[in-house]
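**Q** Shown below is the structure under consideration.
Rule-based calculations on the coordinates, nothing more; no lab input. Predicted model only: the values in this text are computed from it and were never measured. FYI the Cβ positions are ideal-geometry reconstructions off the backbone, even for glycines, and counts take in every protein chain you see.
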Amino acid sequence: MGASDDWWHQMMRFLKEYDLDYAYWPWNGEKWNNGTYEYQNEGYGLVTTEWDEIRHPGKLADLMALN
């Protein structure tokens, strides 16, 4: 298990423990950068930058299971 997998496991545990199934998680594939006045990749976003594919299907399934 890699560091990012461990982080995700701990994040899911935390959300369940504190009943945070309402918490914000970015859907968008891009985010605005005020420093460059451009959109850039949103690494935590659940869809790709083209908004046409799920970037993290496993994470989406985990988040949906919290409900």
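**Q** Every residue in region 56-67 that is within 15 Å of Ser4 (Cβ to Cβ) and over 9 Å from the mean Cα position of the chain (by Cα), please.
**A** Within region 56-67, Gly58, Asp62 meet the criteria.
Here is a yes/no grid of residues against (1) of a type in the set (Ser, Thr, Tyr); (2) in contact with a Ser or Thr (Cβ under 7 Å, 6 or more places away or on another chain); (3) assigned to a loop (DSSP other than H, G, I, E, B):
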| residue | (1), (2), (3) |
| --- | --- |
| Asp6 | no, no, no |
| Met11 | no, no, no |
| Asp19 | no, no, yes |
| Tyr24 | yes, no, yes |
| Lys31 | no, no, no |
| Gly45 | no, no, yes |
| Asp62 | no, no, no |
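**Q** Going through Gly58, Gly35, Gly43, Gly29 one at a time, which residue ends up being of a type in the set (Gly, Ala, Ser) and surrounded by 13 or more Cβ atoms within 10 Å (Cβ to Cβ)?
**A** Gly29
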